[in-house]
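The numbers here are math on the coordinates, done by the rules we state, and not lab data. Since the structure is predicted, the reported quantities are computational estimates derived from the model, not experimental observations. Positions of Cβ are backbone-derived with ideal geometry, glycine not excepted, and every protein chain shown enters the neighbour counts.
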Amino acid sequence: MKRLRWLPLLLVLFVACITGDDDVVSIDGGAAGTTVTVGEGHTLRIELDGNPTTGYDWEVSAVDEGVLRFIDRDFDPDSDAVGSGGKVTLEFETVSTGSTLLELIYRPPWEPPDDSHQRFSVNIIVE
C-alpha cells in the first residue's frame, strides 16, 4: 500500500512532461520573412546563431511595443572554448492583440546600423 502514495505524484509529473509549454511559441532563423501567430498573453522565443564574445549581438531595431515587448535574452555557447559561438535566445511577451513587424539586427553597439549588418525580420500577429 505504501507504493500507491507515490502514484498520484508520478501521474502529475508524467502529464507535465508530455504537455510541454503551450504558452511559448518558439522560432529560429528559418522563420525569417514569414508571419507568425502568437496568442495574447503568450511568449515568443526566437533562437538565432550568434557570438556576443565578438562584440556583435542581436538587438531589436523595429517593433510595436504596444503589441510585443522584449523581456529577456540568453546566450548558450556551442562549447566551453573561449570565444565560442552559439545560440542567442530572445524572448518577447505579447501585450495586446494586433500585428507588428519585428526586426532584429546583428551588430556591435558602437557601430551605427547599416546595410552590411545581418537582419532577421518576421511579421507577428497576436490574437
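Applying the criteria of a DSSP loop state and at most 14 other Cβ atoms within 10 Å to the chymotrypsin sites (Phe, Trp or Tyr not before Pro) of the stretch 42-127 yields Trp110. Relative intensity of the stretch 22-126 on a log10 scale, I(q)/I(0) at q = 0.13, 0.22 Å⁻¹, equals -0.47, -1.18, per a Debye sum over C-alpha point scatterers of equal strength in the absence of solvent. Any idea what log10 I(q)/I(0) is at q = 0.29 Å⁻¹ for the stretch 28-83, Debye with uniform C-alpha scatterers and no solvent? Normalising to I(0) and taking log10 leaves -1.50. Label-to-label distance, Ser84 versus Gln118, with points set 7 angstrom from Cα along the beta-carbon direction: 1.8 nm. Hey, got a sec? Which GluC sites (Glu not before Pro) in the stretch 15-107 land in a DSSP loop and have at most 13 other Cβ atoms within 10 Å? Counting only loop positions with at most 13 other Cβ atoms within 10 Å, the GluC sites (Glu not before Pro) in the stretch 15-107 are Glu40, Glu65. Placing a label point 7 Å from the Cα of Ser96 along the Cα-to-Cβ direction, the residues of the stretch 32-74 whose backbone N falls under 17 Å from that point are 39-42, 63-70.
Computed about the Cα centre, the dipole magnitude for the stretch 22-126 is approximately 180 debye when only Lys and Arg (+1) and Asp and Glu (-1) carry charge, each at its Cβ.
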